[in-house]
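Only the coordinates and a few stated rules stand behind these numbers; no lab work does. What you see is a predicted model; the values in this text were computed from it and never measured. In this analysis, Cβ positions are derived from the backbone assuming ideal geometry, glycine residues included, and neighbour counts consider all displayed protein chains.
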Amino acid sequence: MSVSNYISQLQSYEEYAFSWEELLQNSDAPLATLEKEVLRLIERNEIVNLRRGFYLIIPPRYKNLGKLPVQLYVDKLFKFLDKPYYVGLYSAASFHGASHQQVQSDYVITTPPALRAIDKGNIRLQFFNTSSWSDQNILQKKSDAGLFNVSSPALTTADLVNYHSKIGGINRMLANIEELSEEIQLEDLKALLSWYSNKSTLQRLGFLLEEVGMEEKYTDLIFDRLKQDKFYPVLLSPKKGEKAGSTGNKWKVDVNIKLESDL
């Protein structure tokens, strides 16, 4: 079987990615022939060498975009990498209807060791590590290529706050947080609070959800969780060399930036 025939076969049952090993297992063509055809298809933008030994298929309907929606290949990519994952941050927010921020990259949360970001033309993937992993608050959504993992609205919001300094800052995401606050369910938040241990993030999360007008029964849950242990003043937006001072709010969040949502 040629590489082109193998790709046609994969697309017939909505598969959009393959590994070099899978190709070898499904073709008896000489190695040199396979390598030459793969290179030719890459040059024609019909496939993309996403990572060493892992390829994306770009069908005609996505060829003008030069990229593939992340939900069509992320699960297969992480099975290939043998790592847990979930689609998170702005990418997850868009799946929950909070699409205020135009996403230039796709964002995926995984566990150490760190993965290098991928930037292949219009395909941009950023990976963030977490050492505090729980299967709670990870949902499965269905795409044309099958199921994929995505953070729940509560975990998505917490992650946006936790990684804010690496993805544009608090004000860039404030509108997304406001939109996500309408999607968070009590059980989702309770599940998050049962395992999430980053106090400073929970302080900022509670403060910001209160700022965007979330119902007290939700913010009270976060505050009750914080009160189980001592917690100390934190800057809303940490800055090197700056320490939290007087806060004037129950969350002990020193508001050191002017909050401006563009919703």
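Observations
- On full extension, the segment bounded by SER99 and LYS79 gains 4.4 nm, given 0.36 nm per residue less the C-alpha separation.
- At most 10 other Cβ within 10 Å, DSSP loop - chymotrypsin sites (Phe, Trp or Tyr not before Pro), the range 6-51: TYR13
- For the range 189-222 and the range 79-100, distance of Cα centres in Å: 21
- Charge dipole (the range 3-63, unit charges on Cβ, about Cα centre) - positive-most of SER27, SER8, ILE57: ILE57
- Top of LEU89, LEU39, LEU209 by mean-square fluctuation, Gaussian network on the chain, Cα under 10 Å: LEU39
- Residues ILE138, ILE58 in ascending order of nearby Cβ atoms (within 10 Å, fewest first): ILE138, ILE58.
- Antiparallel DSSP beta bridges within the chain, as percent of all bridges there, nearest 5: 70
- For the range 70-254, size of Cβ-based charge dipole, Lys and Arg +1, Asp and Glu -1, in debye: 780
- Ordering LYS240, LYS120, LYS227 by the number of other Cβ atoms within 10 Å of each residue's own Cβ, fewest first, gives LYS240, LYS227, LYS120.
- Karplus-derived 3J(HN,Hα), 6.51/-1.76/1.60, for each residue of the range 239-255, Hz, glycine and proline x: 9, 4, x, 10, 10, 5, x, 5, 10, x, 9, 5, 7, 6, 9, 7, 7
- By the count of other C-beta atoms within 10 Å, a proxy for reagent exposure, VAL87, VAL255 are ordered fewest to most as VAL255, VAL87.
- Distance violations [Cα-Cα > 22 Å] among LYS227/LYS250; LYS76/LYS190; LYS199/LYS252; LYS83/LYS141; LYS166/LYS227: LYS76/LYS190; LYS166/LYS227
- Comparing ASP188, ASP28, ASP144 in a Gaussian network model of the chain, where Cα atoms under 10 Å apart are tied by springs, the biggest mean-square fluctuation is seen for ASP28.
- Projecting the Cα atoms of THR201, ILE118, ALA244 onto the dipole axis of the chain, where Lys and Arg carry +1 and Asp and Glu carry -1 at the beta carbon, places ALA244 farthest toward the positive end.
- Selected from GLY146, GLY169, GLY121 as most flexible by GNM, with the chain as the system and alpha-carbon contacts under 10 Å: GLY121
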